[in-house]
Amino acid sequence: TKKLDWVWEARLDLLRLAAAPLIPLDVIGTEMRRSIKRIETEGSTDQDLVDLECENIEELLELAFIACQLTITRVESCCRVFYESIHARIKWEKYKKQLMLRRDTTVRGTPHTRIAAIDAFANYAKHQDEWGHDWSKVNRKSRLTSEIVKRLGATPGSSGNMRSGFKIIVGHNHFERVDELSDIIRAWGKGLATDYERDLNAQRPERASAKR
């Protein structure tokens, strides 16, 4: 039991660290700010420039969402030691999906948590070229992702799906504040760590006897 306690406590520290972004998203935000400024200062007379900068913002958001997905995956990996020690009756893949439903709020007007939405848009960013313009024909593996991003405002053929996704997840269209996605993941990881710490304390004999 002491060994298990030590493993859990060490893993709790790793879990909290894992929720920090692998790539500082404020750096991406700085690049977006430059694009937004160019649109504001020169866009009224140059539509080509507007289109180019909007495409740049879209691509930067793709990078940001994929970076966030890497962080989400890292958090899930840190949770595996807890899964293995609680003798869960469900398979790891199902348990991993359930993690995205815990300790996070849903996107307004949808059943999806913000973490699940970030993950879905990251998958969209990676596989959109494979989907084409008819999402009804996507493979089985991508079907759930396509259904989620459609519920969150994405449409086949649109050149602004990442911007639409960001707006509905964070509640505004200030794309330069992309680091708010990191705040969502950090809070989620912290919440999971709190849950596991509570479970650890409940299993300790000295804690259990003290409560009697």
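Below is a table of values for the structure above.
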read-out: Region 14-139: relative contact order in percent, alpha carbon pairs under 8 Å with at least 6 residues between; value: 27 percent
read-out: Charged-residue dipole, Cβ positions (Lys, Arg, Asp, Glu), the chain about Cα centre, Debye nearest 20; value: 1740 debye
read-out: Residue-wise HN-Hα coupling along region 148-159, computed from phi with Karplus coefficients 6.51, -1.76, 1.60 (Hz; x: Gly, Pro); value: 5, 5, 5, 4, 9, x, 6, 9, x, x, 6, 8
read-out: Heavy-atom accessible surface of region 53-118: percent carbon and sulfur, 1.4 Å; value: 52 percent
read-out: Tilt relative to the chain, helix 180-203 - C-alpha long axis, 0 to 90 degrees, to 10; value: 10 degrees
read-out: P(r) tail fraction, region 85-134 - alpha-carbon pairs more than 16 Å apart, %; value: 56 percent
read-out: If the convex hull is drawn through the Cα atoms of the chain, its volume per residue in Å³; value: 133 Å³
read-out: Tail weight of P(r) past 21 Å, computed on alpha-carbon pairs of region 7-132, percent; value: 55 percent
read-out: Whole-Hz ³J(HN,Hα) from phi, Karplus 6.51 cos²θ - 1.76 cosθ + 1.60, for region 40-46, glycine and proline x; value: 5, 8, 10, x, 5, 10, 9
read-out: Mean Cβ count within 10 Å, highest first, over the residues of peptides 177-185, 52-60; value: 177-185, 52-60
read-out: Rounded to 10°, Cα long-axis angle of helix 114-131 versus longest principal axis of the chain; value: 50 degrees
read-out: 5 angstrom amide H check on Leu22, placed H, neighbours 5+ away; value: Thr71
read-out: Amide H contacts under 5 Å for Arg103, placed H, 5+ residues apart; value: none
read-out: Percent of Cα-Cα distances greater than 18 Å, calculated over region 1-81; value: 58 percent
read-out: Rounded, prolate or oblate (a/c below 1.5 giving rounded, otherwise prolate when a/b exceeds b/c) for region 140-198 by Cα gyration tensor; value: oblate
read-out: Per-residue [θ]222 nm for the chain (sum of -39500 (n - 2.57) over DSSP H runs n ≥ 4, rounded to 500); value: -24000 deg cm²/dmol
read-out: Cross-link reach list, aspartates and glutamates versus Lys137, counting only Cα pairs under 14 Å and skipping chain neighbours closer than eight places; value: Asp129, Glu147
read-out: For His174, solvent-accessible area (1.4 Å; no DNA, RNA or ligand), Å²; value: 80 Å²
read-out: Placed amide H near Thr113: partners under 5 Å, 5+ positions off or other chain; value: Val107
read-out: Dipole-positive endmost among Ile118, Gly132, Leu52 within the chain (Cβ charges, Cα centre); value: Ile118
read-out: Computed accessible area, Lys37, all protein chains, 1.4 angstrom probe, square angstrom; value: 130 Å²
read-out: About the Cα centre, charge dipole magnitude for region 40-132 (Lys/Arg +1, Asp/Glu -1 at Cβ), debye; value: 1560 debye
read-out: Residues of region 95-140: accessible area per residue with a 1.4 Å probe, Å²; value: 59 Å²
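The values are calculated or read from the model by the stated rules, or taken from the named source; none is laboratory data. Worth saying up front: this structure is predicted, and the values here are computed from it rather than measured. As a convention, Cβ positions derive from the backbone with ideal geometry for all residues, glycine included, and neighbour counts pool all protein chains shown. SASA here: full protein model, heavy atoms, side chains in, ligands and nucleic acids out. Shrake-Rupley method; radii C 1.70, N 1.55, O 1.52, S 1.80 Å.
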